[in-house]
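Asks: Okay, handing you the structure first.
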Amino acid sequence: MIPILISSVAFCILGFAALIILFLVNITKYKGPAAGSPEDRVSVHVLVLGDLGRSPRMTYHALSIAKHGAKVNLIGYLETAPHPDLVSNANITIMPLPTPRGRPNFIPFILFAPWKVLYQVYHLAHLLIYTLPPAQWILMQNPPSIPTLAVASLICRLRNSKLIIDWHNYGWTILAGTRGANHPFVAISKFYECHLGRLADLHLTVTHAMARQLRRPPYSITKPMLTVHDRPAAIFQPISSPQTREKTLKRVLLGPDAALIPRLLDGTVRLLISSTSWTPDEDFSLLLDALVRYATDATSSSATPLLAVITGKGPQKELYQRKIAELTAAGRLPNVRIFTAFLPFADYASLLACADLGVCLHMSSSGVDLPMKVVDMFGAGLPVAAYSAYESFGELVKEGENGRGFETAEELAGILGHLLGDEGRTELDRLRKGAAKEGSRRWDEEWDSKVGVVLGLVTKDDGSLGFCDG
Ligand SMILES: *[C@@H]1O[C@H](CO)[C@@H](O)[C@H](O)[C@H]1NC(C)=O
């Protein structure tokens with residue numbers, strides 16, 4: 001194992017160096033925006049080694065930069081359709097990277113990973129050195145950090161660009177989750193991420209807790225840092241008129257669920273909504289367990305009937321659909337109907353606004369990121385019950401103000417029983433107001449006042465730069 005590991009890492013480093021030297025021949029440097037020429041506006045390469053259609057935050061960064069007149073090259077994979085506003089925006093050019101193929105089963109991870117890294121280095125370096133002119137800034141998403149962090153920081157040095165890392169999470173904690181904490185690649189990727197992370201000129205984080213953590217070892221970042229909280233997209237809006245609610249439910253709920261609409265409207269059936277990626281890092285059994293308890297607990301024998309809509313695609317979906325069918329057939333879910341679907345995005349957004357409570361099972365691998373789905377739920381004015389055992393939880397969900405936290409299925413069942421029952425109505429109303437309030441601050445406000453100011457695209461009233469010291 002160890003010799004293979006050493007050779008594959010050495011192979012990566014040598015290959016990386018060879019590719020860069022190959023590309024160095026013609027390198028040009030960024031010389032600053034020249035006055036007058038429209039082609040010499042401030043330019044930013046926005047980079048994510050992921051599917052652009054599933055990178056909402058980098059999409060919003062690109063749209064915000066473009067809105068203020070700078071030129072954006074948005075770099076990433078084109079797997080699903082990117083946001084339509086990106087495609088139609090004259091200030092944004094999408095620069096697709098070829099997607100590396102998946103690992104065939106007969107090739108071990110330890111051999112496949114170095115090949116994949118070199119493939120990515122080649123295409124990324126080619127794009128950033130040859131195809132694109134030098135930019136004033138490169139704004140990259142982390143994770144994935146391999147090889148983006150190395151390539152981007154090197155190219156920034158070579159081309160006189162400044163590097164911004166947008167920290168969504170850590171690559172090594174995610175790897176530790178999928179490969180096990182003792183896998184040798186975990187130690188390597190931790191070392192790599194901590195050391196190369198320091199090379200950026202500016203850091204953006206999704207939570208204050210993450211910014212505090214990046215200041216401390218092993219990261220020990222001393223450069224300027226800004227927390228830019230995720231905010232709901234414009235498509236997520238509360239619905240207050242009962243007529244709109246009825247129309248929306250009729251549009252989205254079809255088949256046997258449509259029969260429940262009159263009872264959803266008069267509140268005798270409550271609507272619960274959750275979205276999940278159906279992967280092991282979101283323990284769906286927690287919600288299923290809670291629903292069984294909710295439906296059958298002696299204390300809630302008068303449990304309000306419930307329609308639970310679970311949307312999302314993922315590997316464990318069928319497994320859980322079978323479990324749900326078994327539990328229903330065995331009479332363990334009386335008064336609870338569970339509807340698993342993959343709703344189109346717009347339908348999902350509207351249904352959030354019609355629901356009584358959202359459930360979030362996100363368990364943070366780093367302890368300091370936050371679930372985007374709760375941000376969206378708040379945008380739709382929907383209060384949440386959310387898994388709470390991680391450090392940054394309180395930066396988004398305020399206990400008793402816009403939602404409730406739980407750690408076990410028993411606690412979740414208790415929250416459902418209380419909030420969806422008659423005695424919980426006043427509290428649920430209060431949480432709903434709190435959710436709408438939290439969701440009313442939108443991305444543009446958050447971005448313009450922080451990133452826009454630092455990039456020099458927005459002037460702040462008091463002329464100050466809004467750094468947090470972490
Ligand atoms: C593109 O940039 C120009 C300034 O160069 C600006 O006036 C315009 O509003 C921007 N367009 C979009 C769609 O953001």
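The values are calculated or read from the model by the stated rules, or taken from the named source; none is laboratory data. Every value quoted in this text rests on a predicted model; they were computed, and no experiment measured them. A quick note on method: Cβ atoms are made from the backbone with ideal geometry, for glycine too, and the neighbour counts reach across all protein chains shown. SASA here: full protein model, heavy atoms, side chains in, ligands and nucleic acids out. Shrake-Rupley method; radii C 1.70, N 1.55, O 1.52, S 1.80 Å.
Asks: Could you grab me the full set of residues in the stretch 53-73 that are aliphatic (A, V, I, L, M) and either within 13 Å of the ligand (Cβ to nearest atom) or open to solvent by 10 Å² or more (accessible area, probe 1.4 Å) (or both)?
Replies: 62, 63, 65, 66, 70, 72
Asks: With respect to the numbered conditions (1) open to solvent by 10 Å² or more (accessible area, probe 1.4 Å); (2) of a type in the set (A, V, I, L, M); (3) out of contact with any strand residue (DSSP E or B) (no Cβ under 8 Å at 6 or more places or on another chain), which one is the sole condition not fulfilled by residue 380?
Replies: Condition (1) is where residue 380 drops out.
Quick grid of which residues meet (1) closer than 30 Å to residue 436 by Cα; (2) assigned by TED's automatic domain parsing to the domain that holds residue 375; (3) surrounded by 15 or more Cβ atoms within 10 Å (Cβ to Cβ):
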{"position": "173", "(1), (2), (3)": "no, no, yes"}
{"position": "176", "(1), (2), (3)": "no, no, yes"}
{"position": "180", "(1), (2), (3)": "no, no, no"}
{"position": "190", "(1), (2), (3)": "no, no, yes"}
{"position": "196", "(1), (2), (3)": "no, no, yes"}
{"position": "207", "(1), (2), (3)": "yes, no, yes"}
{"position": "219", "(1), (2), (3)": "no, no, yes"}
{"position": "237", "(1), (2), (3)": "yes, no, yes"}
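Asks: Going by the conditions given, is residue 157 modelled with pLDDT under 95, under 19 Å from residue 222 (Cα atoms) and open to solvent by 50 Å² or more (accessible area, probe 1.4 Å)?
Replies: yes
Asks: Given the residues 218, 232, 256, which is the only one that is over 23 Å from residue 440 (Cα atoms), in contact with a Lys or Arg (Cβ under 9 Å, 6 or more places away or on another chain) and not in a helix (DSSP H, G or I)?
Replies: Selected residue: 218, the only one of 218, 232, 256 that is over 23 Å from residue 440 (Cα atoms), in contact with a Lys or Arg (Cβ under 9 Å, 6 or more places away or on another chain) and not in a helix (DSSP H, G or I).
Asks: From the list 144, 134, exactly one residue is under 14 Å from residue 49 (Cα atoms) and assigned to a loop (DSSP other than H, G, I, E, B). Which is it?
Replies: 144
Asks: Look through 365, 350 and report the one residue that is part of a loop (DSSP other than H, G, I, E, B) and modelled with pLDDT under 95.
Replies: Answer to the selection: 365.
Asks: Report the residue count in the stretch 276-320 for those that are surrounded by 14 or more Cβ atoms within 10 Å (Cβ to Cβ) and among the acidic types (Asp, Glu).
Replies: Qualifying residue count, the stretch 276-320: 4.
Residue by residue, here is whether (1) in contact (Cβ under 8 Å) with a residue 12 or more places away in the chain; (2) assigned to a loop (DSSP other than H, G, I, E, B); (3) not assigned by TED's automatic domain parsing to the domain that holds residue 178 holds:
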residue: 85; (1), (2), (3): yes, no, no
residue: 95; (1), (2), (3): yes, no, no
residue: 99; (1), (2), (3): yes, yes, no
residue: 105; (1), (2), (3): no, yes, no
residue: 114; (1), (2), (3): yes, no, no
residue: 121; (1), (2), (3): yes, no, no
